[in-house]
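Have a look at the structure below before the remarks.
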Amino acid sequence: MTGGSAPVLRRIVVLTSGGDAPGMNAALRAVVRRAVASRVGVLAARRGFQGLVDWDVVPMAASSVAEIVHRGGTVILAGRSQAFVRPEVQAACAARLRDEGVDGLVVIGGDGSLRGALALERLGVPTVGVPGTIDNDLPGTDRSIGFDTAVNTVVEAIDRIRDTATSHERTFVVEVMGRETGFIALHAGLADGAESIVVPEVGVDADGVVERILRGRRRGKLYSIIVVAEGATSGYSLAQKLRERGVEARVTVLGHVQRGGAPSAYDRWLAARLGAAAVDLLRSGRHGVMVGVRGEAVVATDLAEVVSARPPFDRSLWELAQVLSS
């Protein structure tokens, strides 16, 4: 959405919502410092949309975001608000924002957070979304903030597991996050040479996994690594299916370790660009969009489009992983 002429942007609110992702702090820093440099007042709502519900907001200055670019998590806290999903609460939050003289809102988060952003946009609050989720499951951007760090965390964990797998000649099933998409499993499994990658987009073929393990053993391989996205099946369920077919398997569930830790250089770079771009869009009068990257370019996609679909799964990468590990 674009106004006829760029309005005067006097005050904005920024929040981080949903699951935390490495790089959220770097994005927050970029939003605050771009706004301050543009002489725009900044408030931060604590604990995501719940901060709007409770009006738990704090003023931000350039010094408020010092020494956070390298930190994981989010210093203004995150969460999922059960109250905010109610239309009457959303309307009350929009009214409070207007009453407080807020001209724009920046929401940093994933799919659910951007749905909340769209709701406020439709209630007349100029809103821009910034993709912050390790799942990388938002259309309109090549990468979301946190995905690169999460993949590197998984790769590092698998490298460590491989040492034990090799020493004891074992098969390990490594379960990673991804309830609806297998992007973390796909990228980490390809990068780490996993024998099999099990993702929701392809499904579970236990017989095929066993065949790949046995094929590896016939050529002298001492261990096997299977990467499974939680949305396809649990690591324990897959391990049980393998045991029923004569393959003893150990399970490691990485869980929330994938969300933590210092953001990678790429995630810091991405967060800096997208956080600043969100403020620039509001200042130009454009809103109702999510900022993202296509190649090296910063782009904007309508929030309604972002929340209505998932990015396509690149099956060719999955097939490449199969070939390289065969």
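What follows is calculated from the coordinates using simple rules that are stated; it is not laboratory data. The structure displayed is predicted, hence computed values, not measured ones. With ideal geometry, Cβ positions are generated from the backbone for all residues, glycine too; neighbour counts draw on all protein chains shown.
Treat the count of other C-beta atoms within 10 Å as a stand-in for reagent exposure and order PHE313, PHE183 from fewest to most. Please report the intermediate quantities before stating the final value.
On the way: PHE313 17, PHE183 28.
Final ranking by Cβ density, sparse to dense: PHE313, PHE183.
If you work out Cα extents along the principal axes in Å from the coordinates, which of (i) 66, 43, 37; (ii) 70, 37, 34; (iii) 67, 64, 35 do you get?
Of the listed options (i) 66, 43, 37; (ii) 70, 37, 34; (iii) 67, 64, 35, (ii) comes from this structure.
So for the chain: antiparallel DSSP bridges make up what percent, rounded to the nearest 5?
DSSP beta bridges in the chain are roughly 25 percent antiparallel.
How far, in nm, would the chain grow between ARG243 and VAL155 when pulled straight, counting 0.36 nm per residue and subtracting the alpha carbon separation? Don't skip to the end; give the middle numbers.
Working: separation 88, 0.36 × 88 = 31.68 nm, distance 2.51 nm.
Residue separation times 0.36 nm, minus the Cα-Cα distance, leaves 29.2 nm.
Remind me, relative contact order of region 73-152 in percent, using alpha carbon pairs under 8 angstrom and six or more residues apart? Numbers along the way, then the final one.
Details: 83 pairs, mean separation 17.7, N = 80.
Rounded, it is 22 percent for region 73-152.
Please give the length that would be gained between VAL257 and ARG219 if that part of the chain were fully extended, namely 0.36 nm times their separation in residues minus their C-alpha to C-alpha distance (nm, one decimal). Intermediate results must be reported in sequence, preceding the final value.
Values: separation 38, 0.36 × 38 = 13.68 nm, distance 3.41 nm.
Computed gain between VAL257 and ARG219 is 10.3 nm.
Can you tally the net charge around LEU43? Count Lys and Arg as +1, Asp and Glu as -1, for every other residue whose Cβ sits under 12 Å from the Cβ of LEU43.
Spelling it out: positives minus negatives among the neighbours equals +1.
Suppose every K and R has +1 on its Cβ and every D and E has -1 on its Cβ; what is the size of the dipole of the chain about the Cα centre, in Debye to the nearest 20? Don't skip to the end; give the middle numbers.
Values: 38 positive and 36 negative charges, 95 e Å.
Charge dipole of the chain: 460 debye, to the nearest 20.
So, counting K/R as plus one and D/E as minus one, what does the shell of residues with Cβ under 9 Å around GLY110 add up to?
The answer is -3.
For region 56-86 and region 101-123, compute the distance between their C-alpha centroids and round to whole Å.
Distance between centres, Cα-based: 15 Å.
What is the sum of charges, Lys and Arg at +1 and Asp and Glu at -1, for the other residues whose Cβ falls under 13 Å from the Cβ of ARG122? Write out the running numbers ahead of the final one.
On the way: positive: ARG115; negative: GLU121, ASP302.
Local charge sum for ARG122: -1.
So what is Rg over Rh here for region 241-326, counting just Cα atoms and using Kirkwood for Rh?
Ratio of gyration radius to Kirkwood radius for region 241-326: 1.15.
So which GluC sites (Glu not before Pro) in region 199-280 are both in a DSSP loop and have at most 11 other Cβ atoms within 10 Å of their Cβ? Each step should come with its number before you reach the end.
Numbers: sites: GLU201, GLU211, GLU230, GLU244, GLU248; in loops: GLU201, GLU230, GLU248.
Taking region 199-280 and a limit of 11 other Cβ atoms within 10 Å, the loop GluC sites (Glu not before Pro) found are GLU248.
Kirkwood hydrodynamic radius of region 148-260 from all distinct Cα pairs, in Å?
Values: mean 1/r = 0.0734 Å⁻¹.
Averaging 1/r across every pair of different Cα atoms and inverting gives 13.6 Å.
Test of understanding: in a Gaussian network model of the chain with alpha carbons linked when under 10 Å, which of ARG179, ARG286, ARG115 would top the mean-square fluctuation ranking?
Evaluated over the chain, the most mobile residue of the options is ARG179.
Output the direction-averaged projected area (hull surface divided by four) of the convex hull of the alpha-carbon atoms of region 167-326, in nm².
Numbers: hull surface 44.9 nm².
Projected over every direction and averaged, the Cα hull of region 167-326 covers 11.2 nm².
How about region 1-88: which trypsin sites (Lys or Arg not before Pro) there lie in a loop by DSSP and see at most 14 other Cβ atoms within 10 Å?
Values: sites: ARG10, ARG11, ARG29, ARG33, ARG34, ARG39, ARG46, ARG47, ARG71, ARG80; in loops: ARG10, ARG39, ARG46, ARG47, ARG71, ARG80.
Qualifying residues, ordered by number: ARG10, ARG39.
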